[in-house]
Amino acid sequence: MKNEKNYDGIINLPHHTSSKHPRMKMIDRAAQFSPFAALTGHGAAIDETARLTDEREEIEESKKEIINNKLMFIAECDDEKPEVTAVFFVPDVRKSGGEYASVTGTVKKIDAYNHNVVISDGKIIPIKNIYDIHFENREDDL
């Protein structure tokens, strides 16, 4: 009760408005009290560390030979290249490991000079990263 009497003289006065400074927008005023990142980039570093990558599997010699035979078969198809699904390893640019991806399409060409397989949609797959190749429209998959 005692404290209520201390404010009797000012409690009913109108809100003060400055005659020199314009009133601050509500969005700008709220920004003063918004949280900030004291450690810039720390959240991104944590997210990057938590991101998982796969280790590259070593391919057995017998499987390398099968992949090589399939690539030679594709190279020999002069008139119409077959449609294939290629499973390949994509190395991660920021940390060790990577991920396995697959692409389905018609082989445009096999670039023996650069050791790449070029798919019709423009995707370039390094031959050394190919893990497996499956023919889509053939029953005998070599």
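Being among the hydrophobic types (A, V, I, L, M, F, W, C) and part of a strand (DSSP E or B) is the filter; apply it to region 100-116 and report the residue that is surrounded by the most Cβ atoms within 10 Å (Cβ to Cβ).
V107
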For region 47-86, give me each residue that is under 24 Å from G122 (Cβ atoms), modelled with pLDDT under 85 and either surrounded by fewer than 10 Cβ atoms within 10 Å (Cβ to Cβ) or of a type in the set (A, V, I, L, M, F, W, C) (or both).
C77, D78, D79, E80
Could you please find all residues in region 116-134 being touching a strand residue (DSSP E or B) at 6+ places or on another chain (Cβ under 7 Å), closer than 15 Å to N68 by Cα and free of Cβ contacts under 8 Å to residues at least 24 places away in the same chain?
N116
Against the condition farther than 19 Å from I124 by Cα, of a type in the set (D, E, K, R), out of contact with any Phe, Trp or Tyr (no Cβ under 7 Å at 6 or more places or on another chain) and modelled with pLDDT of 85 or more, how does K108 come out, does it pass?
no
For region 73-94, what are the residues that are of a type outside the set (F, W, Y) and assigned to a helix (DSSP H, G or I)?
I74, A75, E76
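The values are calculated or read from the model by the stated rules, or taken from the named source; none is laboratory data. Given the structure is predicted, the values throughout are model-derived calculations rather than measurements. Methodologically, a virtual Cβ is constructed for each residue, glycine included, from the backbone with ideal geometry; neighbour enumeration extends over all protein chains shown.
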